[in-house]
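The values are calculated or read from the model by the stated rules, or taken from the named source; none is laboratory data. Only a predicted model underlies this, so the values are computations on that prediction, with no experimental measurement involved. With ideal geometry, Cβ positions are generated from the backbone for all residues, glycine too; neighbour counts draw on all protein chains shown. Just so you know, the surface numbers come from the protein's heavy atoms only, side chains and all, with ligands and any DNA or RNA stripped out. Shrake-Rupley method; radii C 1.70, N 1.55, O 1.52, S 1.80 Å.
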Amino acid sequence: MTGDRMSRSARLRWSTASELLRLVYAEPGITRTAACERLALASGAAAELIERLRAARLLAEHRAGRGGPGRPTTVLGAHPRGPLAAVMDLRAAGWRVLLGDLAGTVTEAAAGTYGDREPVDLLPEVAGAVGAAARREHGRVGAVVAAVAGAVSGTRLLQFSTRGWHEADLGVLAGGTGVPLLVGNDATLGGIAEARGGAARGARAALHLLVAVGVGGALLVDGRPVTGARGAGGEYGHLPLGDPDLACPCGARGCWDLMVDGRALARHRGDPVPGDPFAYGREVLEAVRSGRVSDRDRRAVERTARALGAGIAGLVNLHDPDAVTLAGLAPGLRAAAPGAFADAYRGGLMALHRADPPPVADAVHGSDGPVRGALALGFDEITGPAALARWSARRTP
Ligand SMILES: [Zn+2]
């Protein structure tokens, strides 16, 4: 049975199950009573549904902690043999394979470094690790999600700047598991994590920005990223908000990327382009925080924070979000020069936004954001009505 061919009655049969499982994923530790209220489920229908999901190993119930008044209730959580999402975390420094369950519990299954290898040599090794992890779990892995610190489109890697990789097909990463492979950029996935269960929770339109080497981001509407026709949108760092005399490695001139990261700090301090701009930026911000810096260094940080604040104002004028979240070096940059950031942010806003500017909050998931967002995408896939019907058909006694 495929999603397209699923009958209407089967879809209806699994659509409430899908809503319930998505609620359990979004709100770990939710009680049966609260979940039923939220979905307006009558107790008889809820009992039937939860029993069906328990029998299909999709859900487990645990007694809720004592102490509160009222009738005892249970907490809904992951079945010990329930579905898992596998995440391949391809970071600048190395790769990891992680498995996550419906309750958001994550375990690391494998990890490695890139060495001098090119994608054509490395990707099969990572795919092998994913395949091995999936086999150990005996068919529990229902989706494979790659979180990539680079530009992606569909399942293609377009650019992994820190490794100098271009154009690689990530399709191999499903590792022969036969389950859907999803690919997301780390900034976009971090934005999903913040919009669904982080600093932008509840925002209808949320703007997320990650400063690492350059700046990436995503606009999320109702928790879903707006990524364009091929999934390559959100390249905010390559808007011409920078110095038109500076050439960007992307091929364009004047990119915002060059104004807000470790390369900008190095230029303003009179240093050569750092080999690892992220580590360089972190060191400079750490030094400013501890007060061990010269006036020149402080000015370098202020200029960079101003470029960040002004650019964010432009993006607020463009997208009209109700929340903005910052990750990577951005929270530290703002904290190191709060006045410069705030002046540039306010100064760049159109008057219509100035009375009530969207709050700019630090991301709460930090460096875990991309993995959290990848798991959320994986469970979107796993808890779709058609996927649930397939899973259940194989397991219900
Ligand atoms: Zn560029």
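Being within 15 Å of the ligand (Cβ to nearest atom) and among the aliphatic types (A, V, I, L, M) is a property that does not hold for ALA218. Whether any residue in region 180-198 is modelled with pLDDT under 95, within 16 Å of the ligand (Cβ to nearest atom), assigned to a strand (DSSP E or B) and small (Gly, Ala, Ser) is what I want to check. No, region 180-198 contains no residue that is modelled with pLDDT under 95, within 16 Å of the ligand (Cβ to nearest atom), assigned to a strand (DSSP E or B) and small (Gly, Ala, Ser). Taking region 107-121 as the range and being buried (at least 17 other Cβ atoms within 10 Å of the Cβ), touching a residue at least 40 places away in the same chain (Cβ under 8 Å) and not in a loop (DSSP other than H, G, I, E, B) as the test, only PRO119 passes.
For region 213-230, a residue qualifies if it is over 13 Å from the mean Cα position of the chain (by Cα) and open to solvent by less than 30 Å² (accessible area, probe 1.4 Å), and the qualifying residues are GLY214, VAL215. Within region 251-272, being on the phi < 0 side of the Ramachandran plot, among the small types (Gly, Ala, Ser) and surrounded by fewer than 24 Cβ atoms within 10 Å (Cβ to Cβ) holds for ALA252, ALA266. Being without any contact (Cβ under 8 Å) to a residue 12 or more places away in the chain, of a type outside the set (Val, Ile, Thr) and assigned to a helix (DSSP H, G or I) is a condition met by no residue of region 242-263.
In region 223-263, the qualifying residues are those that are within 21 Å of LEU326 (Cβ to Cβ) and away from the ligand (no atom under 13 Å from the Cβ), and the one that is modelled with the lowest pLDDT is GLY233.
Count of region 125-159 residues, restricted to those that are modelled with pLDDT of 90 or more, of a type outside the set (A, V, I, L, M) and assigned to a strand (DSSP E or B), is 1. How about region 273-320: which of its residues are in a loop (DSSP other than H, G, I, E, B) and either under 28 Å from LEU349 (Cβ atoms) or among the β-branched types (Val, Ile, Thr) (or both)? Within region 273-320, VAL273, VAL293, ASP320 meet the criteria.
Note on region 84-94: residues that are in contact with a helix residue (DSSP H, G or I) (Cβ under 6 Å, 6 or more places away or on another chain) and open to solvent by 10 Å² or more (accessible area, probe 1.4 Å) amount to 1.
For region 347-362, the count of residues that are closer than 29 Å to GLY197 by Cβ, modelled with pLDDT of 95 or more, acidic (Asp, Glu) and in a loop (DSSP other than H, G, I, E, B) is zero.
Criterion first (under 30 Å from LEU258 (Cβ atoms) and either part of a helix (DSSP H, G or I) or in the same structural domain as VAL260 (by TED's automatic domain parsing) (or both)) does GLY339 satisfy it? Yes; evaluated as a whole, the condition is true for this residue.
Apart from one condition, LEU285 fits all of (1) open to solvent by less than 40 Å² (accessible area, probe 1.4 Å); (2) in contact (Cβ under 8 Å) with a residue 24 or more places away in the chain; (3) within 16 Å of the ligand (Cβ to nearest atom); the exception is (3).
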